[in-house]
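Structure, as structure tokens:
What follows is calculated from the coordinates using simple rules that are stated; it is not laboratory data. What you see is a predicted model; the values in this text were computed from it and never measured. Positions of Cβ are generated from backbone atoms using ideal geometry, with glycine treated the same way; all protein chains shown enter the neighbour counts.
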Amino acid sequence: MTTTPDILRAIEAHGKATYPEECCGFLLGHALPEGNTVTALYPIDNAQGDNRERRFLMRPDDYRQADQAARQQQVDVVGTYHSHPDHPAKPSATDLTHATFPGFTYVIVSIQDGKAADLTAWSLAPDRSRFITEAMEQEERKSGRKGEWEKKMRIKDKENQDRRISNL
């Protein structure tokens, strides 16, 4: 996943604003062979009725609205994000059960005691049996032409360990 520090900060801010409940939203951008590029967020309200501290719910109408917003920006829905209040930024068994699309990026932000602690990105294995850690690359938009990016930081994991950005 490639995105900007502002996008990552906005995910963290959404998680802090809804703490101690889970936040959720959609990642908008471009699906590319080398990975998804996230250019915008589409935050939504957690539609879960109860146990919102441990669960979130995105309704079909939420997806349709996110898709419409993406089309207006000439991009696609390329993933989702949600928070794990007072838990690690690792997918749970429930996250795996509810994950839908192997091509999506799934971002999880850990909010500990109301503060952003960790942010990770994942993709769903093609057979949907597990999540695979996804590298994150941060880039700043260049001033000038819209859509141009300037590389600022690459985060790699040579041993296929969790890839994460902490304390942004």
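Where does each of His30, His14 land when they are ranked from fewest to most other beta-carbon atoms within 10 angstrom? Numbers along the way, then the final one.
Numbers: His30 15, His14 22.
With the sparsest Cβ surroundings first, the list reads His30, His14.
Cut-off is 10 Å between beta-carbons; in what order do Asp6, Asp86 appear when sorted fewest neighbours first? Walk me through the numbers before you get to the answer.
Working: Asp6 11, Asp86 15.
Ranking Asp6, Asp86 by Cβ neighbours within 10 Å, fewest first, gives Asp6, Asp86.
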Roughly what would the spin-label model give for Gln112 and Arg64, points 7 Å off Cα along C-beta, in nm?
4.2
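Fully extended, how many nm does the chain gain between Glu140 and Arg54 (0.36 nm per residue separation, minus their Cα-Cα distance)?
Working: separation 86, 0.36 × 86 = 30.96 nm, distance 3.30 nm.
Gain in length upon complete extension: 27.7 nm.
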